[in-house]
1. Based on the Cα coordinates of the stretch 79-147, what is the per residue volume of their convex hull in Å³?
2. I need to check one value: relative contact order of the stretch 117-185, counting alpha carbon pairs closer than 8 Å and at least 6 residues apart, in percent.
3. Stretch residue 170-residue 199 to full length: gain in nm at 0.36 nm per residue minus the Cα-Cα span?
4. Under a crude label model (7 Å from the Cα following the beta-carbon direction), how far is residue 97 from residue 146 in nanometres?
5. Sort 90-101, 105-116 by packing, meaning the average of other beta carbons within 10 Å per residue, with the highest value first.
6. At R0 = 22 Å, how high is the FRET efficiency between residue 213 and residue 108 if r is their beta carbon distance? Nearest 0.05 is fine.
7. Once you order the gyration tensor axes a ≥ b ≥ c over the Cα atoms, which shape class does the stretch 81-229 get: rounded for a/c under 1.5, otherwise prolate or oblate by comparing a/b with b/c?
């Protein structure tokens, strides 16, 4: 998406977060009919299930709280948890096959759409799961800019099996393998297959696609699903 073509139009104009959060009806059938999207032929819902693989239910993880110590931030006493502690928020994403090695910044929902990260950065939906924990961690990025290709320009062409690594703020590495992609109309965005529950760690990359309409932005979104390696 071109960052300066229209406010938020170039990325996720029609992502239907309110429909998901309020329980509204969302059409989840999405055709993967774009030749530039590999692994197509199924719906976003099918790709979401495929990305979970043979999921094993994991106990809920809880965040590590911190208090100001005498010299630095120190962790408070942690509750005993069978599932361990929550991964740190993501800080970088690396996809060598797409020439991506970039900073990840948190983005939030605002008036029904995700805020757009700056050019050259990926945005992580901070109200959702973190990479490395059960659930669908969602990262967004620009397809193009006024000056040329955006950070996620080559995401729509990534092949199944492509490795994606997300580094968190504590230095942890979370690896994923692409299982497939789908191109969907923004007015039919399959919110439950993107933001919905997953028992296993899943990564969803979102960018724009389809024809560009002046004043309205891209018609479609491209969804790329990856499962934990």
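1. 119 Å³
2. Relative contact order comes out at 22 percent.
3. Gain on stretching residue 170 to residue 199: 8.1 nm.
4. 3.4 nm
5. Answer by packing, highest mean first, reads 90-101, 105-116.
6. 0.25
7. prolate
Readers should treat all values here as calculations from the given coordinates under stated rules, not as data from a laboratory. Predicted, not measured: the structure shown is a model, and the values here were computed from it. As a convention, Cβ positions derive from the backbone with ideal geometry for all residues, glycine included, and neighbour counts pool all protein chains shown.
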